[in-house]
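Values quoted throughout were computed directly from the atomic coordinates according to the rules given, and no laboratory measurement underlies them. None of the values given here were measured: they were computed from a predicted structure. Using ideal geometry, Cβ is built from the backbone for each residue, glycine included, and neighbour counts are taken over all protein chains shown.
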Amino acid sequence: MASARATDPLASRDPPTLPLYLPPPPPPPLPSPSPHHRLLPAPMAPILLHLHPAFLAQMDSRRTTSLLQFLKDEGGIPSPEADKKREQVIRKLNKVIKVQYCGARRDRISHPRCSSQIVMDWAKVVAYEQRVPPRRATATVLTYGSYTLGAHGPESDIDALCVGPCIATLQYHFFIVLRQILEDRPEVSELQTVESAKAIITSNPHLLQKLDSRSWRSLSGVRVNEQIVQLVPNAQKFQILLRCIKLWAKRRGIHCHLLGFFAGIHLAILAAYVCQRYPYGTINGLFTIFFDIFAHWNWQIPVSLHGQPTNCRRPDGSFMPILLPCTPPEFCTSNMTNGTFKKIREELMRGYALTKEPWRHDFEWVWLFAPFPYATKYEEFLRIALCAPTSEELRDWAGWVKSRFRNLILKLESIGVECDPDSTEEVDHTVFEPSIVCHWGLIYKTSTHIDISSLGEDFMKDVINDVYGKVKCTHSKLTMSIVRSSQLPKSLYSHSVYTPYIPQYMLGYQTPTDYSGAAG
């Protein structure tokens, strides 16, 4: 891998120095207009600056230091106590043996290979019920995602994959027997099953090539983690960059896969792409280059960490094609729509506009990470309220409904209404049952009237399109309404009350209008 990287011209040199420009001085005042004609000022050429490299290095160092401090102050880095708690949870679940990749450098990210006592006990139960020798039934738990990559935040969960014996049945042994084992554990709470999720059905590593497509996709998270670990040249820089990108995406409302925005794997691959091509960049430099690259990316071209053309066919309607770094090549699953794709590009361009001038003394990171001001941005919102008899049933009901949210977004776009879903959840204090309320900003592209009754009925058909959905909605409710911004809960205005002052010259960017990234 090292020799292949050495031949890459992008990876073997320092990041190129970009030309630095200042806007031209303002034109002189216009003379009093003549009744017959108006004098126009001559166009002014930009002023090219030749700044000393030492000055730029000093500014870069200052921004890197202030970015790391900002990340720490804003909770982007878990405390040692929080990390210790996570390790204790993993130990309770598994006997963790951390092994380094063969031939990897010492700064590589270790990958937990987990042998879980809980799932091994479950495998023995499966063997007993299927009347096979216990040695033929093995199971394990593999962790992946941001925790394994070392880029998790204080509120991040731990992604885990249960690999079970091939003699186990999904509906009975996994969703009933294993669930019962977990429910009997006193330290387990808020257990929720999603029976429509992907699941692995065999554990013998020698049989991986014989997996069906569903089981193979289940392993994507683990396989992608391994590849990213091998492809990034500096693990620490990658981890910090990914933390910065995730915090920015969450604050700007574009980090929620179920609502049509980025998933964690999307951001991890984009961060790895930047680190791979600029192995000697500083944290500030990598973060700045991230916006520069992807604000101007031609989204007809997939993002790939292998840097080579692929014959893998893009999914129909894919707006931001991102290839998983695995073999055979696969595209990341995406829920993006035309409207959510637009917002992502607008936020990337905003980030580029705020970070493109590295010599600015008056730059503040709070500008870039300012929470998105939903309450002042939109005049009308779609209010979605979910309630259920118990908190446990509400978690189950909400998870099921959210998995269908993309269909609702597409229904709105089909009638000329784009939406900007806010991932923040409120409590409906007008009902006694446990509840959550979501608000989506509405963007009317045409003079359209939303028939809220028809919209709700159509969406409920998607929610109860199978037996699982019908069971979930037996005692649970879903209601929709259109509300004005003045009717929003006061908590949603908290992000809009404090709006950091941003100099106008830093907002002089043009919102992208070419959204032809989707495949035809």
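Would you calculate the separation in nanometres between label points at ILE158 and GLU364, each defined as 7 Å from the Cα along the Cα-to-beta-carbon direction?
A separation of 3.9 nm, rounded to one decimal place.
Can you flag which of LYS445/LYS490; LYS72/LYS342; LYS377/LYS445; LYS237/LYS342 are past 26 Å Cα-Cα?
With Cα atoms farther than 26 Å apart: LYS445/LYS490; LYS72/LYS342; LYS237/LYS342.
Between GLN88 and LYS477, what is the FRET efficiency for a Förster distance of 51 Å, r being their Cβ-Cβ separation, to the nearest 0.05?
0.85
Between ILE464 and GLU392, take the C-beta separation as r, use R0 = 25 Å, and let me know the FRET efficiency to the nearest 0.05.
On the way: r = 20 Å, r/R0 = 0.79.
It comes to 0.80.
Taking loop as defined by DSSP and a crowding limit of 16 other beta carbons within 10 Å, which chymotrypsin sites (Phe, Trp or Tyr not before Pro) in segment 396-441 fit?
PHE432
At 0.36 nm per residue, and after removing the present C-alpha to C-alpha distance, how many nm does the segment from ASP73 to LEU258 gain when stretched out fully?
63.8 nm
Given the Cα-Cα distance of ARG179 and TYR493 and 0.36 nm per residue of separation, how much length would full extension add, in nm? Let's see the in-between values first.
Working: separation 314, 0.36 × 314 = 113.04 nm, distance 4.08 nm.
Extra length from ARG179 to TYR493 when fully extended: 109.0 nm.
Please give, to one decimal in nm, the separation of the simple spin-label points placed at GLU346 and HIS306, each 7 Å out from Cα toward the Cβ.
According to this spin-label approximation, the distance is 3.6 nm.
Calculate the FRET efficiency for ASP451 and GLU129 from the Cβ-Cβ distance with a Förster distance of 56 Å, rounded to the nearest 0.05.
Working from the Cβ atoms, E equals 0.60.
List the residues, sorted by chain then number, that are 5 or more residues from LEU324 or on another chain and whose placed amide H is less than 5 Å from its amide H.
Under 5 Å from the amide H of LEU324: GLU330, PHE331, CYS332.
Give me a comma-separated list of calculated 3J(HN,Hα) values for segment 421-434, in order, Karplus coefficients 6.51, -1.76, 1.60 applied at θ = phi - 60°, integers in Hz, x for any Gly or Pro.
Values per residue, Gly and Pro as x: x, 8, 6, 5, 10, 10, 9, 7, 7, 8, 10, 8, 7, x Hz.
Hey, rough spin-label estimate for TYR444 and THR333, points 7 angstrom out along Cα→Cβ, what's it come to in nanometres?
The two pseudo-label positions are separated by 3.6 nm.
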